[in-house]
Amino acid sequence: MTIQSDEMIHLTFEKFFQKYTIFNHIPPVAIAVSGGPDSMSLLQAMSKIYLGNIFILCVNHGLRKSAQSEIDKIENWVKSQNNNNLSFHVLNCQSDKPESTIMKAARFARYDLLAQFCEENNVKDLFVGHHQDDQAETFLMRLINGSGIDGLAAIQEKQPYKNITIYRPFLSHSKQDLIQYCDRNEIPYSLDPSNENNKYLRPRLRQSMEILEGEGLTSKRLANTAKRMARGRKALETMTLQAINETLVEELPNKVTLEYKYLKKYPEEIGFRVLKNYIENFRPSETYHVRMEKLEDLFESLWLKPNEFKPRTLGGCKIYVTNNSEILSIEKE
């Protein structure tokens, strides 16, 4: 395995800042730091390269006894840098979710806390240390769940979340690259024991990766596939927006009407995405999700036999066609 040099790590940020020109005026940014080699590498590299103020945010979920000592280790390292641009903060979060869902619940709670802090401190940009191995694992998890192009695009390099934008510069770097970077620069880091706990899916996938890599399916190849899926998703999203603009008859807060006869001229995937877009817009809450199988079943009936399509409800919406199947309406119930 080729280990990337410190210069390559730093070059990642130079290219990253050039790509996202928002950083030309050096606004304050935040970094989510857990104490692992990924986030500590992120903190080290950002502190060396970024000229603006950096808020260092540690979320303590209270799930592990060693959490406080790991946070202390991060804070001591920050103090040792004598860098006035670095500001250290601990965000405490307790989860009352059952153990079977605690990892997922902790993730959502963590991002909510981070977003809240950023809003209160006028910070628009949050950096996190997700790397190439995380991307590969996410791709496999989505594949197991039967995801389509959108899901297999996996982790996004730039992603809006509530009032902030999340950036992930390390998606082209492996975890081993980042461990080596920490070791060369004598940066302390901790290893999360839950990463070795086989009752969670990600640790089991890491074990399976050893077999897959023996067949040539490396983390890098999986991450590259996710990147290609992301390009495809962006193209489909652009075409979907075009289809909406060209077929929209009327859009009200609780109802949308489309010229179905013109929508049918688009590829089937675009028609499906238009339907999905409005059903998701009209859903009862952000946490409410329509099962993909049900949505696909409804769309197949609508797309293939519009003249025989009877009004149906799904996701809190009523879907029906009128005017000899020329008009499609999606109405919030």
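Scanning region 158-170 for residues that are in a loop (DSSP other than H, G, I, E, B) and free of Cβ contacts under 8 Å to residues at least 60 places away in the same chain yields 162, 163, 168. Among the residues of region 312-333, those identified as of a type outside the set (Ser, Thr, Tyr) and over 35 Å from the mean Cα position of the chain (by Cα) are 321, 323, 324, 326, 327. Every condition in (1) at pLDDT 90 or above; (2) in contact with a helix residue (DSSP H, G or I) (Cβ under 6 Å, 6 or more places away or on another chain) holds for residue 80 except the one numbered (2). In the set 127, 139, only one residue is of a type in the set (Phe, Trp, Tyr) and out of contact with any strand residue (DSSP E or B) (no Cβ under 8 Å at 6 or more places or on another chain); that residue is 139.
To keep it simple, each residue is scored yes or no on (1) more than 15 Å from residue 45 (Cα to Cα); (2) at pLDDT below 90; (3) surrounded by 14 or more Cβ atoms within 10 Å (Cβ to Cβ); (4) within 23 Å of the chain's Cα centre (by Cα).
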| position | (1), (2), (3), (4) |
| --- | --- |
| 173 | no, no, yes, yes |
| 183 | no, no, no, no |
| 191 | yes, yes, no, yes |
| 202 | yes, yes, yes, yes |
| 213 | yes, yes, yes, no |
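Restricting attention to region 126-147, does a residue exist that is part of a strand (DSSP E or B), at pLDDT 95 or above and assigned by TED's automatic domain parsing to the domain that holds residue 26? Looking through region 126-147, at least one residue is part of a strand (DSSP E or B), at pLDDT 95 or above and assigned by TED's automatic domain parsing to the domain that holds residue 26. The single residue among 206, 233 that is closer than 30 Å to residue 176 by Cα, outside any loop (DSSP other than H, G, I, E, B) and not assigned by TED's automatic domain parsing to the domain that holds residue 142 turns out to be 233.
Taken over region 83-116, the criterion of being modelled with pLDDT under 65 and surrounded by 12 or more Cβ atoms within 10 Å (Cβ to Cβ) is satisfied by 95, 97, 102, 103, 105, 106.
Across region 41-77, the number of residues qualifying as outside any loop (DSSP other than H, G, I, E, B) and either touching a helix residue (DSSP H, G or I) at 6+ places or on another chain (Cβ under 6 Å) or within 27 Å of residue 18 (Cα to Cα) (or both) comes to 16. Look at (1) farther than 27 Å from residue 90 by Cα; (2) out of contact with any helix residue (DSSP H, G or I) (no Cβ under 6 Å at 6 or more places or on another chain) and you find that residue 118 fails only one, number (1). Taken over region 227-272, the criterion of being closer than 15 Å to residue 314 by Cα and either charged (D, E, K, R) or surrounded by fewer than 18 Cβ atoms within 10 Å (Cβ to Cβ) (or both) is satisfied by 254, 255. Of the candidates 278, 288, the single residue that is among the hydroxyl-bearing types (Ser, Thr, Tyr), under 17 Å from residue 333 (Cβ atoms), surrounded by 18 or more Cβ atoms within 10 Å (Cβ to Cβ) and under 29 Å from the mean Cα position of the chain (by Cα) is 278.
Can you pull out every residue in region 215-226 that is part of a helix (DSSP H, G or I) and either among the aromatic types (Phe, Trp, Tyr) or exposed (fewer than 15 other Cβ atoms within 10 Å of the Cβ) (or both)? Listed by number, the list holds a single entry, 221.
The values are calculated or read from the model by the stated rules, or taken from the named source; none is laboratory data. Keep in mind that this is a model prediction, so the values were computed, not measured. Neighbour counts are summed over all protein chains in view; Cβ atoms, including those assigned to glycine, are modelled from backbone coordinates with ideal geometry.
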